[in-house]
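Read the structure below first, then the notes.
Rule-based calculations on the coordinates, nothing more; no lab input. Since the structure is predicted, the reported quantities are computational estimates derived from the model, not experimental observations. Cβ coordinates were reconstructed from backbone atoms using ideal geometry, including for glycine residues, and neighbour counts include every protein chain displayed.
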């Protein structure tokens, strides 16, 4: 017997339940009749799953296949309705709850009382901070200098003579072989065993040194080329499509926190800057 489309979709969405598990925290909250970020379901990483809660009707593999096909169809159907919120998935409130975009505002998902922030002001503040702090001329110069110093150190470590390293390997290997062959004739073996272990470590270090000499040498980074690349990044951040801006933002910012009217941006776990949102102009980098 055929079933209505809506019923079949509901069955697919609840595939884990049919596999014997209970699932909570799957559906997004609704504000003024609209799901947060325009999505009914939260990301899979936020679901709470109690496994093996009741007898299963299908296997876990079957359930995952159903959810995968459902997700693929959902992605295809949403290509024309991409979320316009640049910080969605990155922004958290000071209380620890995620901050979602809804109705042109970023709102805390908790009950802490943090005021909502207009999307256009917060997105522009984040982009401006990246342009003036991460992609500035001084930041580019410092980054290129730091990378070139590391490359120079690596090149210096690779300057060892391969022939000399191989001679050292042969000498240590000969000593180790001699000690191993002597073990059968000795009663007190502990000193020899310790020396054999030491020789094994030294041989491993020499092998690593030999591999470094075989690596191709990397030339210093050209600052002018980096600046041309960064200029294109700035153009994309200012005038690119929403999804392009999102991708670039996520490549530079790992987390953002909204607290007491200020937004803090973090790169690689380190605080980049705080942006004060109380200004009539929309932002004031600290």
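Given a cut-off of 22 Å, what percent of all Cα-Cα pairs of region 123-202 lie beyond it?
That tail contains 60 percent of the Cα-Cα pairs.
Each 10 Å bin, from zero up to the one with the longest distance, holds this percent of the alpha carbon pairs of region 84-236: 9, 19, 15, 15, 14, 14, 11, 4, 0. Put in order of Cβ neighbour count within 10 Å, fewest first, the listed residues 45, 259, 181 become 45, 181, 259. With Cα atoms as the point set, region 159-214 shows a radius of gyration and Dmax of 13.3, 44 Å.
Footprinting exposure proxy ranking of 21, 54, fewest other C-beta atoms within 10 angstrom first, gives 54, 21. The per residue volume of the convex hull around the alpha-carbon atoms of region 95-159 is 127 Å³. Cβ crowding within 10 Å, taken as a proxy for footprinting-reagent exposure, orders 252, 57 from fewest neighbours to most as 57, 252.
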